[in-house]
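Right, one structure below, let's go through it.
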Amino acid sequence: MKYFVTIGTESHEVDITGNRVTLDGREVQADLQGLDGTSVHSLLMDGESHLLRARRIERERWVLNLAGRRVEASIVDERTQAIRQMTGAAAGPSGPRPVKAPMPGLVLKIEVEVDQEVEAGQGLIIVEAMKMENELKAEAPGKVAAIHVAVGDAVEKDQVLVDFQAIEEGESDG
């Protein structure tokens, strides 16, 4: 089965056929095993071992925790990708999706302002949840359209914190 994985602005093609795994056309040695009684998995890839936690947040969107780093990924199978290309739905909206709280928490810091242009991976808001500070980042370049919270606000899981608009071509200051 072939999958299309997008992390931030990077896209990768992963083909899993039996025990054979290819990443962007290059065969890799990979083994993924769940650790009993936990949501943690052990990923052995090309001889390197990684602890990985994956949690689905929407149909095709996942939150991955790898080596203490939190990233969001979009994973689409070959059939869905083909349907999107045939219907023109592959393009989707330009600019990053709204940033939502990954879990209930408290807003500690807001690192952007309305109308500010941001880059993919740029920090936006720091939310404290379960006694840990989580920096929420932009998935793609865009312009901050609205900030729906203030420092000190309590937020609920999936609450929209920041909305974006696409940057029109020729509009960028940088």
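Give the angle, between 0 and 90 degrees and rounded to the nearest 10, that separates the Cα long axis of helix 78-87 from the longest principal axis of the Cα atoms of the chain.
50 degrees
Would you list which lysines come within 20 Å of LYS131, measuring only between C-alpha atoms, while excluding same-chain residues fewer than 8 positions from it?
LYS100, LYS109, LYS157
With a/c under 1.5 counting as rounded, go ahead and sort region 1-89 into rounded, prolate or oblate using the C-alpha gyration tensor (a ≥ b ≥ c being the square roots of the eigenvalues; past the cut-off, prolate if a/b is larger than b/c, else oblate).
Because a/c hits 1.5 or more and a/b fails to exceed b/c, region 1-89 counts as oblate.
Of [x] 1.00; [y] 1.25; [z] 0.95, which is the value of Rg/Rh (Cα atoms, Kirkwood Rh) derived from the coordinates here?
Among [x] 1.00; [y] 1.25; [z] 0.95, the one calculated here is [x].
Output the peptides 154-164, 128-138, 11-21 sorted from most to least packed, where packing is the average of other Cβ atoms within 10 Å over each peptide's residues.
The densest-packed peptide leads the list: 154-164, 128-138, 11-21.
Averaged per residue, what accessible area in Å² does the chain show with a 1.4 Å probe, protein chains only?
Heavy-atom SASA per residue in the chain reads 65 Å².
What value, in deg cm²/dmol to 500, does the helix sum -39500 (n - 2.57) over DSSP H runs of n ≥ 4 give at 222 nm once divided by the residues of the chain?
Working: 1 runs with 10 residues, N = 174.
After summing the helix terms and dividing by residue count, I get -1500 deg cm²/dmol.
Determine the share of the chain's accessible area contributed by carbon and sulfur atoms, expressed in whole percent, with a 1.4 angstrom probe.
Carbon plus sulfur share of accessible area: 50 percent.
The values are calculated or read from the model by the stated rules, or taken from the named source; none is laboratory data. It should be emphasised that the depicted structure is a prediction, and the values quoted were computed from it without experimental measurement. Backbone-built Cβ (ideal geometry, glycine too); neighbour counts: all protein chains shown. Just the protein is used for accessible areas: all its heavy atoms, side chains included, with ligands, DNA and RNA removed. Shrake-Rupley method; radii C 1.70, N 1.55, O 1.52, S 1.80 Å.
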